[in-house]
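To start, the structure under review is shown below, and the notes come after it.
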Amino acid sequence: MALPAKLKAEFDELATHYPEKRAALIPALHRVQEELGGWISPDTLEDLATYFGLEPVEVYGVASFYPMFRLTPPGKHVVSVCHNISCELRGATEILEHVCKVTGAKPYGTSADGKFTVWPVECQGACANAPMIDLDGVYHEDLTREKVTQILGGVK
Amino acid sequence: MKTFERYLLNRTTLANSHTLAVYKANGGYAGLEKVLKKPMTPAEVIAEMKASNLRGRGGAGFPCGMKWSFMPDPTKDPRPRYLAVNADESEPGTCKDRVLMEKDPHGLIEGCLIAAYAIRAQAVYIYVRGEYRESYDRLLAAIDEARKAGLIGKRVMDTDFACEIWMHKGAGAYICGEETGLMESLEGKRGHPRPKPPFPAGFGLWGQPTTVNNVETIFNVPFIVQKGGAWFASIGTANSKGNFLVGISGHVNKPGVYELPFGVTAREIVDEVAGGIWKGRKCKAWFPGGSSCALLLGADLDVVLDHDSLKAKGSSLGTAAMVMMDDATSMARVMEIIARFYDHESCGQCSQCREGTQWLAQIFHRIATGHGVPEDVATLESLAKGMAPGKTICALSDAAAIPTLSAVRLFRAELEECITKHKDPLAPSRVEYAGAH
């Protein structure tokens with residue numbers, strides 16, 4: 001395996017933003033996750049280690065520290081459901097239950113058809129518009145069960 | 001409530017408020033122009049900031065001008081130097097910086113440029129939490145516009161001032177909102193806070209002099225430069241100056257992010273701004289500034305929402321993120337969530353925090369689910385006292401201990417009832433699932 005040339009070129013440019021190349025590692029982890037199937041595979045970790053001149057275990061150590069990085073493959077779509085205090089006070093539990101019902105996935109699990117992964121997450125900064133979900137990186141706020149049905153029903 | 005003048009959120013309601021054209025048409029970049037063309041010296045800018053007595057809006061409330069003045073004299077210390085903007089807004093209940101970044105990104109950029117000029121930084125890194133995609137995209141587009149307009153780069157506004165601004169995306173770790181954790185993360189490492197000293201002004205990003213400021217703090221800078229430190233200091237209370245953003249969430253009729261002058265009471269905010277507690281209920285408890293502050297009671301709502309008044313009540317202003325809870329709220333459930341959060345976010349370096357947050361989370365979980373044992377409340381108390389104050393590298397351990405101690409102090413009887421009855425009488429519906437770390 002090797003990193004796609006397009007990503008390598010991006011990382012070369014990213015590295016110019018910093019006095020030390022390694023600073024581009026977390027932005028690079030985001031980009032590989034976005035481009036290569038929604039997760040960071042062991043092969044990709046090794047490729048990044050080679051690119052950055054680090055040991056694979058160092059890259060793994062960084063990737064595994066940050067909740068946004070996935071080290072196992074998710075379903076086709078990822079639904080993050082905030083379960084922190086402001087959302088909980090306005091019905092996050094009901095929203096989580098409903099998301100699970102609509103998608104067929106359990107919390108921290110993927111539906112049998114591989115379409116949805118449901119991920120309870122800590123505060124997403126949408127507190128004044130609680131409850132919220134993040135569907136594939138896009139926030140949906142001020143939710144009700146009906147809105148959740150509508151949003152998830154529209155996903156292909 | 002007295003009438004007051006808004007300035008922070010005025011532009012955010014305009015159509016296309018995120019564009020350079022709208023920003024400029026509404027007074028944008030006049031502060032930077034004043035600094036560079038008048039010109040003001042960096043020392044004069046810092047003096048104006050000191051006169052304003054602007055205190056940081058990220059939680060700690062440190063005086064901004066004083067922080068800037070800690071940067072070493074460049075004639076004696078010629079090392080490269082940096083400004084890092086803390087846009088890792090993650091304190092539970094806090095959602096104010098996001099409004100500024102999404103709706104008025106040029107306001108932040110102008111503030112960054114003035115701050116960089118004052119501390120003589122040649123580069124600014126805006127560390128935005130990874131989940132804030134809209135903030136990131138808006139800022140990136142605004143930086144691009146500003147660069148093309150000659151506002152960022154080798155000759156800012158055609159002067160000798162050179163400054164670059166770079167966006168940097170975090171990846172969901174709360175601890176990276178701690179300034180030294182942020183710097184480690186920006187360097188491409190795990191977000192492990194560094195022991196202080198050395199402080200960032202002497203040893204920051206890549207070991208170089210660095211200042212770390214919150215988004216809302218920097219956003220105030222162009223206004224202070226334009227209208228003067230004395231103008232800013234004329235707003236507010238003795239030790240809390242200017243307007244500030246309150247994010248109010250939870251059980252109110254109109255949750256939102258609102259601009260207010262220091263001096264208003266919490267009750268004025270709840271009743272006159274946020275439409276009162278919902279469902280005609282009463283306020284049972286509230287966090288004045290995010291979940292790391294001590295809980296207060298409904299009876300405390302007449303407190304003025306500023307640094308000194310909240311300190312006198314045994315709590316703190318934090319990020320001014322008011323989380324309101326009505327009288328039907330289970331405090332065991334609230335604390336279960338708060339404790340789980342700190343357990344999830346502890347970086348693991350210090351044993352008091354790594355182990356302590358885990359135990360707090362487990363004990364609050366069993367109390368909330370009716371499995372508490374008689375000594376649990378005493379254990380919570382002794383654990384929290386072992387975790388803080390100041391026993392660890394950073395303040396995350398304190399942030400878990402403080403709300404715990406307040407909950408034990410204010411709601412001991414309620415927690416004990418959950419234990420003796422083997423159930424929480426106020427328990428809301430719940431979904432059981434194991435946590436993910």
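The values are calculated or read from the model by the stated rules, or taken from the named source; none is laboratory data. These numbers come from a predicted model, not from an experiment. We place every Cβ from the backbone using ideal geometry, glycine too, and count neighbours over all the protein chains shown.
See the values below:
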quantity	calculated
Among (1) in contact (Cβ under 8 Å) with a residue 40 or more places away in the chain; (2) facing chain B (nearest Cβ under 9 Å); (3) in contact with a strand residue (DSSP E or B) (Cβ under 7 Å, 6 or more places away or on another chain), the one test that residue A:100 misses	(1)
Odd one out for residue B:2 among (1) surrounded by fewer than 19 Cβ atoms within 10 Å (Cβ to Cβ); (2) in the same structural domain as residue B:220 (by TED's automatic domain parsing); (3) part of a loop (DSSP other than H, G, I, E, B); (4) among the basic types (Lys, Arg)	(2)
Top-ranked residue in the stretch A:132-152 [being within 14 Å of the chain's Cα centre (by Cα) and surrounded by 16 or more Cβ atoms within 10 Å (Cβ to Cβ); ranked as nearest to residue A:97 (Cα to Cα)]	A:133
Selected residue [without any contact (Cβ under 8 Å) to a residue 40 or more places away in the chain, polar (S, T, N, Q) and more than 10 Å from chain A (Cβ to nearest Cβ)] from B:243, B:253	B:253
Cβ pairs under 9 Å, 6+ apart, first in the stretch B:269-281 and under 17 Å from residue B:300 (Cβ atoms) and free of Cβ contacts under 8 Å to residues at least 40 places away in the same chain, second surrounded by fewer than 18 Cβ atoms within 10 Å (Cβ to Cβ) and not polar (S, T, N, Q)	B:276/B:254
Filter result (within 10 Å of chain B (Cβ to nearest Cβ), assigned to a loop (DSSP other than H, G, I, E, B) and surrounded by 14 or more Cβ atoms within 10 Å (Cβ to Cβ)) within the stretch A:103-131	A:122, A:123, A:124, A:125, A:126, A:130
Selection from the stretch B:128-159 of residues that are within 12 Å of chain A (Cβ to nearest Cβ) and either touching a residue at least 60 places away in the same chain (Cβ under 8 Å) or assigned to a loop (DSSP other than H, G, I, E, B) (or both)	B:129, B:130, B:131, B:132
Only one of B:211, B:217, B:180 that is in contact with a strand residue (DSSP E or B) (Cβ under 9 Å, 6 or more places away or on another chain), more than 13 Å from chain A (Cβ to nearest Cβ), under 23 Å from residue B:107 (Cα atoms) and part of a helix (DSSP H, G or I)	B:217
Helices (runs of 4 or more DSSP H) within the stretch B:290-398 that include 2 or more residues within 14 Å of another protein chain (Cβ to nearest Cβ), among the aliphatic types (A, V, I, L, M) and in contact with a strand residue (DSSP E or B) (Cβ under 8 Å, 6 or more places away or on another chain)	B:331-345
Condition check for residue A:118: among the aliphatic types (A, V, I, L, M), more than 23 Å from residue B:136 (Cβ to Cβ) and under 12 Å from the mean Cα position of the chain (by Cα)	yes
Residue check for residue B:384: surrounded by fewer than 15 Cβ atoms within 10 Å (Cβ to Cβ), modelled with pLDDT of 95 or more and not charged (D, E, K, R)	no
Test: residue B:190 is on the phi < 0 side of the Ramachandran plot and at the interface with chain A (Cβ under 10 Å from one of its Cβ atoms)	yes
Scope the stretch A:35-59; condition more than 11 Å from every other protein chain (Cβ to nearest Cβ), free of Cβ contacts under 8 Å to residues at least 40 places away in the same chain and not in a loop (DSSP other than H, G, I, E, B); matching residues	A:35, A:42, A:45, A:49, A:50, A:56, A:57
Of the criteria (1) within 20 Å of residue B:180 (Cβ to Cβ); (2) among the small types (Gly, Ala, Ser); (3) part of a helix (DSSP H, G or I), which one residue B:413 fails	(1)
Single unsatisfied condition, residue B:199 versus (1) within 9 Å of chain A (Cβ to nearest Cβ); (2) assigned to a loop (DSSP other than H, G, I, E, B)	(1)
Residue among B:80, B:92 that alone is touching a strand residue (DSSP E or B) at 6+ places or on another chain (Cβ under 9 Å), surrounded by fewer than 24 Cβ atoms within 10 Å (Cβ to Cβ), modelled with pLDDT of 95 or more and not polar (S, T, N, Q)	B:80
Residue within the stretch A:64-87 that is free of Cβ contacts under 8 Å to residues at least 12 places away in the same chain, among the aromatic types (Phe, Trp, Tyr) and either facing chain B (nearest Cβ under 7 Å) or under 30 Å from residue B:249 (Cα atoms) (or both) present	yes
